[in-house]
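Each value in this text was obtained by applying a stated rule to the coordinates, not by laboratory testing. Here the structure is a predicted model, which is why all the values come from computation and not from measurement. Neighbour counts run over all protein chains shown; Cβ positions are idealised from the backbone, glycine included.
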Amino acid sequence: MKSLLRYTAWNWNMGRVSAGVLLGFGAAVECVLLFAAAASINQAAMEYNGIVEASGTLWVAWLVYLMLPISAQWPQEAAGQKSRVSYTILTMPMPRWQILVARTLSTALWVAVGFAVQSLLLVLMYGPITALQSTVANGFFSFEVTAQGRFWWALADCGLFRLILPANGAGSILVLLLILVPALMSAAACSHHGRRRVAAEVVALAVQMTLSALAYQLVVGYITGTQVLDMILKNRAATFVSLGLAGLVVMSVVWSVAALYRSEMTA
């Protein structure tokens, strides 16, 4: 267990620069987009969630989420050239499956940090954004325009905030899936090299995109859980896609463990 925890901590520490730069850059871009949207008179009557959606923040947050698992593993790319790091990992006194578990945990921690940064940004930006929005509106209209809604209710109405910080058990399960599934598949992809690694990364990205898009639509109410279940059970195409995605996750893990036992590891 000590080896597992130490390797997890080492993996997490290795990704601090690349993951930190990605999170910082994404947060800066989101701030610029939010201020630009709030400064426009076209968004004067919008609530906070409307500004978040109209500014393009959702797209930036989605791209950062998709890139974060890869970014957390990126510093270990040097191990792909049979470096000393790779040799040390392969000779560590721990079962090969623990290498995959440690990488999954460290990547999941970085995804969780990304969720925390995103929720903190939404909270901190509420005041400046609504203040700027009110200032712009008051300068355009002949009557006073107050801020839209109260702080908590505005955040509770923000789809991105509700996705990151759920208010019920179903939402909590979605968050766990959004963190653990991409972390597991990204860690699994790092067990390969060359074309096999590219194929594993593409599969991981496809599953992550599908899962995150579906989770957001469920949270904001575009579709319901009942509709999703009915579609999976009654629509052959949806059933095939669902089983295919679940099969890809299982296959990725099994493939990764097999590669680790064959010492075909690049990171």
Problem - Counting all C-alpha pairs of the stretch 4-43, share separated by more than 17 Å (%) - result: 53 percent
Fill in the blank from the handout: Here the FRET efficiency for ASN235 versus LEU177, based on Cβ atoms and R0 = 30 Å and rounded to 0.05, is 0.90
Problem - Length added when fully stretched, ALA39-LEU243, from 0.36 nm per residue minus Cα-Cα - result: 68.8 nm
Practice task
Sum up the charges of everything whose Cβ sits under 14 Å from the Cβ of TRP12, counting Lys and Arg as +1 and Asp and Glu as -1, but leave TRP12 out.
Solution key: +3
Handout entry: Kirkwood-based shape ratio for the stretch 15-63, expressed as Rg/Rh from alpha carbons
Key = 1.09
Practice task
Determine the sum of side-chain charges near ALA189: Lys and Arg each +1, Asp and Glu each -1, restricted to other residues whose C-beta is under 11 angstrom from that of ALA189.
Solution key: +2
